[in-house]
Protein chains: 2
Amino acid sequence: MSRQRGTRARGHLTAADWAEAALAAMREGGGLAAIAIEPIAARLGATKGSFYWHFANRDALIEAALARWETLRTEEVLAQLQLATDPMTRIRELFQQVTAAVAEDPTEIALLAQAGHPVAGPVLRRVTQRRLDYLAGLFGELGLPEAEARQRSLQAYCGYLGRAQLAHAMPEVLPTGEENARYLDAVIASLLGRRSRPGG
Amino acid sequence: MSRQRGTRARGHLTAADWAEAALAAMREGGGLAAIAIEPIAARLGATKGSFYWHFANRDALIEAALARWETLRTEEVLAQLQLATDPMTRIRELFQQVTAAVAEDPTEIALLAQAGHPVAGPVLRRVTQRRLDYLAGLFGELGLPEAEARQRSLQAYCGYLGRAQLAHAMPEVLPTGEENARYLDAVIASLLGRRSRPGG
DNA sequence: CGCCCACCGTACGTCGGCGTATGGCGTCGG
DNA sequence: CCGACGCCATACGCCGACGTACGGTGGGCG
């Protein structure tokens, strides 16, 4: 609940407030269909009258919400850039952080299922491409040639996406704690061409 | 309106016809929300009057459609069982077949995003568990101990799910043809603890 | 032949959500 | 002190979809 934007800090809502509430609704409702004006208005303690002052229509709200989501994800990646200088360490930190973060945010899973949407599709593709490029850069720093780096970044990202899906649909099959650490070790090792514990 | 010949004699529809049409609508519309009685009725050349004879309500249709989907996926796995006796060959065939099959069927991606749905959730979890068990059995046949087999089956299935997502959202980043074959080789090799081409 | 009933069409009421029109209130500039 | 404007509430019409009531038809059986 932040009302910092705007000179008049009365009980008035801003477009950013609506976008944030739309993202929250999407998180809980699971999908773009959850972005509905009237329920969000009720949730904000307002009415449609307020909404249609800030936005032209529902599509504009979706656009704003997804734009907000895109910048959040982009900033997240940039924050990861500050982790460590060693690319090997960075990969490990990245995996741990990212697999934990996606567990309790169904937004991404919801967007994946809406790849055909005229607004969500391009946003999704930009975010995905950015992540793949970042991963390929990481593997490149490890000395892998371009093609090999791309291949492994793809493999790594598929593993990430799949794990995100499972974390959302069947969290009970995913390892936790110490076992999860060993699992991540194995994944990273297989991505780097070596195995951690052949004997188990 | 014109009398659209159904799949049954004398133009009459069956519950199975409705379930199949609901699955088709979900395939094209992407999501459970696409299962709407009146559009499907129009598509079948019928009206709601016909539907409510065969089903109690919309939820019953969703249940029937998902039950049909579940048996289809189960039969699919059983068909894969007949592939080859060598588990190594079976894994390869399975990967190729499965990555190709999921490319043009958004149903699974749509269901993944609906894991919280009271009907879709359990169906999804049953199918996933069945696949994981099957994969773990395959790795077990390769001589891996139980825990190791489970870990790798999880890794393999995450790779499958992620690739399915990418095939739906960003098919252009996925390799094709010869490059795809090399990619699958690398994935399988990393799952088996050896790498195919360290030098690229 | 005639009746029954499975099967379906039609019409209706309802509900939720979109978009619009318009009035009202508070705050600021003059 | 007043008008103007930014911001919002209220009320309305519309549409698509759900579910119901009921009428109708046609084919098989008595």
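Suppose the filter is within 14 Å of DNA strand D (Cβ to nearest atom), over 22 Å from the mean Cα position of the chain (by Cα), modelled with pLDDT of 95 or more and surrounded by 17 or more Cβ atoms within 10 Å (Cβ to Cβ); does A:Ala21 pass it? Spell out how you get there, then give the answer.
Details: within 14 Å of DNA strand D (Cβ to nearest atom): yes; over 22 Å from the mean Cα position of the chain (by Cα): no; modelled with pLDDT of 95 or more: yes; surrounded by 17 or more Cβ atoms within 10 Å (Cβ to Cβ): yes.
Here the answer is no, as A:Ala21 does not meet what is asked.
Out of all the residues in the stretch B:109-153, which are open to solvent by 10 Å² or more (accessible area, probe 1.4 Å), touching a residue at least 60 places away in the same chain (Cβ under 8 Å) and at the interface with chain A (Cβ under 10 Å from one of its Cβ atoms)?
B:Ala113, B:Gln114, B:His117 - these are the residues of the stretch B:109-153 that are open to solvent by 10 Å² or more (accessible area, probe 1.4 Å), touching a residue at least 60 places away in the same chain (Cβ under 8 Å) and at the interface with chain A (Cβ under 10 Å from one of its Cβ atoms).
With the requirement that a residue be in contact (Cβ under 8 Å) with a residue 24 or more places away in the chain and either of a type in the set (Phe, Trp, Tyr) or not in a helix (DSSP H, G or I) (or both), what does the stretch A:21-52 give you?
Residues satisfying the conditions are A:Gly30, A:Gly31, A:Ile35, A:Ala46, A:Phe51.
Residue check, A:Val98 against (1) aliphatic (A, V, I, L, M); (2) over 10 Å from the mean Cα position of the chain (by Cα); (3) within 14 Å of chain B (Cβ to nearest Cβ), all met but one. Which one?
Unmet for A:Val98, out of (1) aliphatic (A, V, I, L, M); (2) over 10 Å from the mean Cα position of the chain (by Cα); (3) within 14 Å of chain B (Cβ to nearest Cβ): (2).
Would you check which residues across the stretch B:45-57 are open to solvent by less than 40 Å² (accessible area, probe 1.4 Å) and either near DNA strand C (Cβ under 10 Å from one of its atoms) or modelled with pLDDT under 95 (or both) and list them?
Kept after step one, since they are open to solvent by less than 40 Å² (accessible area, probe 1.4 Å), are these residues of the stretch B:45-57: B:46, B:50-51, B:55.
Residues satisfying the conditions are B:Ala46, B:Ser50, B:Phe51.
Quickly run through the stretch B:52-111 and pick out the residues that are within 16 Å of DNA strand D (Cβ to nearest atom) and among the basic types (Lys, Arg).
The one that is within 16 Å of DNA strand D (Cβ to nearest atom) and among the basic types (Lys, Arg): B:Arg58.
Going by the structure shown, is A:Ala181 surrounded by fewer than 21 Cβ atoms within 10 Å (Cβ to Cβ) and within 18 Å of B:Leu154 (Cα to Cα)?
Details: surrounded by fewer than 21 Cβ atoms within 10 Å (Cβ to Cβ): yes; within 18 Å of B:Leu154 (Cα to Cα): yes.
Yes: the conditions hold for A:Ala181.
Which ones in the stretch B:24-39 are more than 14 Å from chain A (Cβ to nearest Cβ), within 8 Å of DNA strand D (Cβ to nearest atom) and surrounded by 14 or more Cβ atoms within 10 Å (Cβ to Cβ)?
Filtering the stretch B:24-39 down to residues more than 14 Å from chain A (Cβ to nearest Cβ) leaves B:24-25, B:37-39.
Next, only the ones that are within 8 Å of DNA strand D (Cβ to nearest atom) stay: B:37-39.
Answer for the stretch B:24-39, where residues must be more than 14 Å from chain A (Cβ to nearest Cβ), within 8 Å of DNA strand D (Cβ to nearest atom) and surrounded by 14 or more Cβ atoms within 10 Å (Cβ to Cβ): just B:Ile37.
Would you call B:Ala16 touching a residue at least 40 places away in the same chain (Cβ under 8 Å), part of a helix (DSSP H, G or I), more than 8 Å from DNA strand C (Cβ to nearest atom) and out of contact with any helix residue (DSSP H, G or I) (no Cβ under 6 Å at 6 or more places or on another chain)?
Values: touching a residue at least 40 places away in the same chain (Cβ under 8 Å): yes; part of a helix (DSSP H, G or I): yes; more than 8 Å from DNA strand C (Cβ to nearest atom): yes; out of contact with any helix residue (DSSP H, G or I) (no Cβ under 6 Å at 6 or more places or on another chain): yes.
When the stated conditions are applied, B:Ala16 passes them.
If you check A:Ile62, A:Ile91, which single one turns out to be within 12 Å of DNA strand C (Cβ to nearest atom) and open to solvent by less than 30 Å² (accessible area, probe 1.4 Å)? Show your work before the answer.
Details: A:Ile91 fails: within 12 Å of DNA strand C (Cβ to nearest atom).
Criteria check complete, one pass: A:Ile62.
The values are calculated or read from the model by the stated rules, or taken from the named source; none is laboratory data. Every value quoted in this text rests on a predicted model; they were computed, and no experiment measured them. Every residue, glycine among them, receives a Cβ derived from its backbone with ideal geometry; neighbour counts consider all protein chains shown. Heads up: the accessible areas ignore ligands, DNA and RNA and are worked out on the full protein's heavy atoms, side chains in. Shrake-Rupley method; radii C 1.70, N 1.55, O 1.52, S 1.80 Å.
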